[in-house]
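Visitor: Quick one: the structure is below, questions incoming.
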Amino acid sequence: MGTMEVRVKGVFLATGAAGAVPAVLLALSAGRSIPIYIGLWEAISINNALNHDVLPRPGTHDLFVSMLESFGIGVVRLHIDDLREGIFYARLISARNGAEESLDCRPSDGIAIALRAGAPISVEERVATDAGIEEADLPGFVDLATYLS
């Protein structure tokens, strides 16, 4: 199996009897996505990046991207490469002077950084097969902006 490029469909809150849990949806194909449950601050950061919102002061992910750029390091891509016991694993691939580095990162942080850097996001096909679900099977998913308003 190989890898496939995905796009961030949006940030949502999965609502239910236990409350609301933030999730980012990665679009696989028509009607199929990978939900990744994340923290609230990462959800807000990803939502800000998707909407191109510029805060009056840099957030953590903005600072990280600015620091990389100041040292001549570019973000090449985020690669979600594993799913073990319900936990997603990712690698942030960066490059400087033609040399690539791969760093372990939480997918939520990697997504927030990749969006700000304009870098693609890829997923191992095995992970997409194991975690991808029909969007119709995602009841109670409310867009973050709608939920917060």
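Visitor: To the nearest whole percent, what portion of all C-alpha pairs in region 34-76 is separated by more than 17 angstrom?
Guide: 41 percent
Visitor: Another question, then. For SER122, what charge total do you get from the other residues with a beta carbon under 12 Å from its beta carbon, if Lys and Arg give +1 and Asp and Glu give -1?
Guide: -1
Visitor: Is the shape of region 3-70 best called rounded, prolate or oblate, per the rule: a/c under 1.5 gives rounded, else a/b larger than b/c gives prolate, else oblate, with a ≥ b ≥ c the square roots of the Cα gyration tensor eigenvalues?
Guide: oblate
Visitor: Amide H neighbours of ALA90 under 5 Å, at least 5 residues apart or on other chains, H built in the peptide plane: list them.
Guide: Correct list: ASP81, CYS105.
Visitor: If you rank VAL6, VAL76 by how much accessible surface each has, with a 1.4 Å probe, what is the order from largest down?
Guide: Output order, biggest surface exposure first: VAL76, VAL6.
Visitor: Which sequence of VAL21, VAL65 reflects their accessible areas, 1.4 Å probe, from the largest down?
Guide: VAL21, VAL65
Visitor: OK, next. Counting only the heavy atoms of the protein chains, how much of ASP53 is accessible to a 1.4 Å probe, in Å² to the nearest 10?
Guide: 80 Å²
Visitor: Tell me the mean residue ellipticity at 222 nm calculated for the chain from its helices only (DSSP H runs of n ≥ 4, each -39500 (n - 2.57), averaged over every residue, nearest 500).
Guide: -8500 deg cm²/dmol
Visitor: Starting from the alpha-carbon convex hull of region 97-138, give the projected area averaged over all orientations, in nm².
Guide: Averaged projected hull area, Cα only: 4.5 nm².
Visitor: Of the residues GLU85, GLU135, GLU124, which exhibits the maximal mean-square fluctuation in a Gaussian network model of the chain defined by a 10 Å Cα contact cut-off?
Guide: Of GLU85, GLU135, GLU124, the most mobile in the Gaussian network model is GLU85.
Visitor: A follow-up question, please. With every protein chain in place, what's the accessible area of SER70 (1.4 Å probe, Å², nearest 10)?
Guide: For SER70, the solvent-accessible surface is approximately 90 Å².
Visitor: Let me ask you something else. Rounded to the nearest whole Å², what accessible area per residue is found for region 50-133 with the 1.4 Å probe?
Guide: That works out to 58 Å² for each residue.
Visitor: For the chain, what are the per-bin percents of Cα-Cα distances with bins 5 Å wide, up to the bin holding the maximum?
Guide: Histogram of Cα-Cα distances, whole percents per bin: 2, 10, 19, 22, 21, 14, 8, 4, 1, 0, 0.
Visitor: Looking at the chain, do any whole DSSP H helices span at least 20 angstrom along their long axis by alpha carbon and average 0.5 or above on Kyte-Doolittle, and which?
Guide: Counting only whole DSSP H runs, no helix qualifies.
Visitor: Right, here's the next one. Considering only protein heavy atoms and a 1.4 Å probe, what is the carbon-and-sulfur percentage of the accessible area of the chain?
Guide: Using a 1.4 Å probe with all protein chains present, the chain comes out at 55 percent carbon and sulfur.
Visitor: So, taking all protein chains as they sit and a 1.4 Å probe, how much accessible area belongs to MET67, in Å² rounded to tens?
Guide: Answer for MET67: close to 100 Å² accessible.
Visitor: Using a Gaussian network for the chain with springs between C-alpha atoms less than 10 Å apart, which of these wobbles most: GLY74, GLY98, GLY31?
Guide: With Cα springs under 10 Å in the chain, the top fluctuation among GLY74, GLY98, GLY31 is at GLY98.
Visitor: Gap in Å between the Cα centre of region 40-67 and the Cα centre of region 72-145?
Guide: First find each Cα centre; the distance between them is then 16 Å.
The values are calculated or read from the model by the stated rules, or taken from the named source; none is laboratory data. Here the structure is a predicted model, which means the values were calculated and not measured. All Cβ positions, glycine included, derive from the backbone under ideal geometry; neighbour counts span all protein chains shown. With ligands, DNA and RNA removed, areas are computed over all heavy atoms of the protein, side chains included. Shrake-Rupley method; radii C 1.70, N 1.55, O 1.52, S 1.80 Å.
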